[in-house]
Every structure is written in structure tokens, then in C-alpha cells.
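One structure is given here, and the rest of the page talks about it.
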Amino acid sequence: MRRFLLALGLSAGLLMLTPSPSWACSCAINGVPQQVRHAVTVAAGTVAWTATNGQTRTYEVSFDSVYRGAAGRSEKLVTAVEAAACGVGDLAPGKRYLFFVEGKHPGTMPIEKCGGTTAYDDSVARQVQSITGPPVKPLPTPDARRDDETSAGGVRGRPVVVGGVAIVLVSIAAGVLVAVRRRAARTR
């Protein structure tokens, strides 16, 4: 049993501590045509507010134009907090942006640095429109708040993440404890 715990703890520790190129944000999408093809939804809107839970950042966006896909008048977009994890950075409340979204209404609407989300620019909007055609109005959304459980930082997602991290940490601690006890037993 001790060997199993040691192996489990060491494996988990190596997995968590070993650098991996897939953990870094690497953008392979270049140019507006590729960004439009990659996005499920392309829409223009103004950031109303932003919030973070430390891992993800949520933006409440009031959309006024939808070039591709579906978006409500008001949507919550989610991204990673860290730029190294492809987060879009700090978008300013009150400022208009052109969003390249990986999801569509209704549902989770993730955005990432490599997707192309940018401050609204007429020339970029014209490039998008030349690919998608003219924009349409966003879908009406009810005044009631959307269900936070559908967002990446929602109530349902937190226990899973916290539980997973706890399991990894306990496994690492158990592996270290077994290794320390073995060393102590050998030196006696």
C-alpha cells in the first residue's frame, strides 16, 4: 500500500510540476479571415462589468451587432485570468470591442487571446463583414440573470476544481510522507 501511495504521489507531483508546452498560450490563428472561421460567434459590444474568481475572468457584455453565430443583448463571456493561459487581459468597462467567441447563445461563451478579440475598429469590422455579410441585431435576453452554473466560473464548476486540486495535493503529501518514513526507517 505504501508503494502505491508513493508512486501515486510522485506521479501526481511530476505531472503537476513538469513543464509542458501545451500549458503555454501559443497562437496559431493569424489574421481576421482565420479568426472569423475559428470563432463560433463574432459580435460587437460594450463591456458593462468584469469580475474574477482568481482562475477565470467574466465580462458582462452588451452586444449591439452580431456578425456570425448567436448572441443575446447581454452575455457573460469568460476567459482565463492569466495571459499565459490565453486570457484576453483586462478589457475596460464602458469600452466597445469586437469579440471572437468560441461559443454561442445560449451557453458558455469563452474568449481567448488567440481568438482575435480586440478594441472595436471600423477597418477590422469591415473585414469581418466582407466575410460574414452585414451584422444582425442580438437576440433578446430576459431581464432575469442567466444561470451562473453554465459559466466556467459558476457554482457547479468550483467544487470540481477544488476537489481535483485537493486530491492532487493529498496524493503529493502522501507520497512525500511515505518517502520520508522510508528514509527514516533505513537510517535506524
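Each reported figure results from applying straightforward, stated rules to the coordinates on display, with no laboratory input. Everything numeric in this text was worked out from a predicted model, so none of it was measured. Positions of Cβ are generated from backbone atoms using ideal geometry, with glycine treated the same way; all protein chains shown enter the neighbour counts.
Label sites at Ser62 and Ile131, each approximated as a point 7 angstrom past Cα along Cα to Cβ, lie 2.8 nm apart.
Considering the zone a paramagnetic label at Gln34 would reach in this model (a point 7 Å from Cα along the Cα-to-Cβ line), which residues of segment 78-117 have amide N under 13 Å from it? Within reach of a label on Gln34: 114-116.
Projected onto planes of every orientation and averaged, the convex hull of the alpha-carbon atoms in segment 23-147 covers 7.2 nm². Close amide H contacts of Thr117 (hydrogens built in the peptide plane, cut-off under 5 Å, sequence separation of 5 or more or a different chain): Phe100, Glu112.
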